[in-house]
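The next block holds one structure in the form of structure tokens; read it before the comments.
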């Protein structure tokens with residue numbers, strides 16, 4: 001692994017964590033996914049094509065790690081985190097409270113979406129990947145990304161009551 005690769009990897013840790021959170025929906029599992037992604041990326045750094053963007057390659061590793069964890073969990077049964085408590089809202093003005101409430105409502109609505117819709121929304125709207133990059137991460141055609149995104153946006157708008 002060269003220094004530039006390592007620096008780029010460190011710079012993208014927040015993006016990886018956000019994507020991992022969108023997949024795992026729990027901070028502890030997201031942190032584990034990021035750690036697994038970094039380990040796998042370092043081991044496979046010689047297979048990365050420097051002429052392409054690093055983000056889709058790392059997101060693909062994260063998604064594959066999530067799939068591995070999910071398969072493992074099916075045989076382990078359901079785990080419940082007793083410390084998973086929603087954070088209290090701070091009262092710092094009506095606009096900030098309204099924005100936080102809307103954000104929370106959006107997060108809740110996204111949790112209710114089918115996994116493929118939530119994942120595509122996260123990749124395109126939060127991580128700001130192009131359709132082609134999202135297609136590469138998910139291993140699907142670009143047209144499928146576009147149709148999933150359209151359905152996801154409509155479903156999210158319905159759940160939020162803004163359509």
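The values are calculated or read from the model by the stated rules, or taken from the named source; none is laboratory data. Source: prediction; values computed, not measured. Neighbour counts run over all protein chains shown; Cβ positions are idealised from the backbone, glycine included.
Worth pointing out:
- Residue-level check: of (1) surrounded by fewer than 12 Cβ atoms within 10 Å (Cβ to Cβ); (2) modelled with pLDDT of 80 or more; (3) outside the structural domain of residue 13 (by TED's automatic domain parsing), residue 71 misses just (3).
- Flag for residue 157 being part of a helix (DSSP H, G or I), at pLDDT below 90 and more than 28 Å from residue 28 (Cα to Cα): yes
- Single unsatisfied condition, residue 119 versus (1) within 18 Å of residue 26 (Cα to Cα); (2) over 16 Å from the mean Cα position of the chain (by Cα); (3) crowded, with 17+ Cβ neighbours inside 10 Å: (2)
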